[in-house]
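J.: Following this message is one structure expressed as structure tokens.
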Amino acid sequence: MKILSVVGTRPNFIKMIPVILEIEKSNHEHLIIHTGQHYDINMSDIFFKEMNLKQPDYNLKIGSGSHGYQTGEVLKKVEKIIIDEEPDFVLVPGDTNSNLAGALAAVKLHFKIGHIEAGLRSFDKTMPEEINRILIDHISSILFCPTKFAIENLINEGIKKGTYLVGDTMFELALMVKEKVMNTKLDIDIPDEFILSTIHRANNTEEQRIKKIIDELIALEYRIVLPLHPRTNKILKDLGLYEKATKNLQIIDPVGFCEFSKLLTKAKAVITDSGGVQKEAYWNKKPCVTIRQNTEWVDTIQEGGNILAEPDEIQEKVKLMLERDIVFDEELYGYSDTSKRIVSHLENYTK
């Protein structure tokens, strides 16, 4: 097979690492398109270096912009590559503008699409990612689902053919690098007790919400370690909140997967608005407070390891989670061979 993967953001890179490594073991040809939706070195290049992966075959250097701009530019450029390369499959991992554009380019040219992390739903169509997820799922030929909940969501939408429960590639990666994480040395001094936080979603960086989030984080009794997304960093400085934030927040640059995982193992709890970090917190057995009104990872909520919070509820929900007796289900995210299952299903499909 010739497989063409479309990646563009930090979560995409992380999700694809086990799949890239598995395809490299096979006799299949694999081409990677890096759209450049995330272009900061610490948000993209670091993952290829950290895991000794080959550099992408194409870098579109799309950069920042509106949803329409990013989707349109990726669609135009990926379309040309698909025509030139004629892949057997176009793989898209996740729900970003890059993933949607890659899937649209493929389906309009009648090429088969494989969607990694299919079937997730927050049931909130004000989230751009939710629109992307739904559209990608409904035009994909083969759908790789991380959980039983994801399978059920697809069945409820009438999608039954080509759906497979394969587990979560991020969970597989966490197992793969467990020893490496243990041996990872952090270049930063961290407190003995701290809470790890990430804040990057567009609605949480609106002026009133981000002000309240910073106030709540500052008021917590624990020191907060915050690897700061470049866009959030800029907004804090533009609003004059950066210096205020440093009162109880240890702001650091974004870090690689192993460094972030190391921080997670040492953290008391997690405060985030990221989808992936909710899962990482769960399988690291860390209580998680998610600053959102909903989540696509409903299983972490139902299992008691995660809780949703509005900005003014952060202190209250952190206290609740630290006092909660949580039983983490080690089998929730399934398998240690997710990438093998994905490649095997692709092979069987082409046969």
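J.: With more than 16 Å from Phe260 (Cβ to Cβ), surrounded by 18 or more Cβ atoms within 10 Å (Cβ to Cβ), in contact with a His (Cβ under 7 Å, 6 or more places away or on another chain) and small (Gly, Ala, Ser) as the only criterion, which of Ser140, Ser122 stands out? Break it down stepwise before answering.
T.: On the way: Ser122 fails: in contact with a His (Cβ under 7 Å, 6 or more places away or on another chain).
Result: Ser140 is the single residue among Ser140, Ser122 that is more than 16 Å from Phe260 (Cβ to Cβ), surrounded by 18 or more Cβ atoms within 10 Å (Cβ to Cβ), in contact with a His (Cβ under 7 Å, 6 or more places away or on another chain) and small (Gly, Ala, Ser).
J.: Counting only residues that are modelled with pLDDT under 95 and not polar (S, T, N, Q), which one in region 338-351 is nearest to the chain's Cα centre (by Cα)?
T.: The residue in question is Tyr349.
J.: Restricting attention to region 81-101, does a residue exist that is free of Cβ contacts under 8 Å to residues at least 24 places away in the same chain, within 27 Å of Ser336 (Cβ to Cβ) and charged (D, E, K, R)?
T.: no
The values are calculated or read from the model by the stated rules, or taken from the named source; none is laboratory data. It should be emphasised that the depicted structure is a prediction, and the values quoted were computed from it without experimental measurement. No Cβ is skipped: glycine too gets one built from the backbone with ideal geometry, and neighbour counts run over all protein chains shown.
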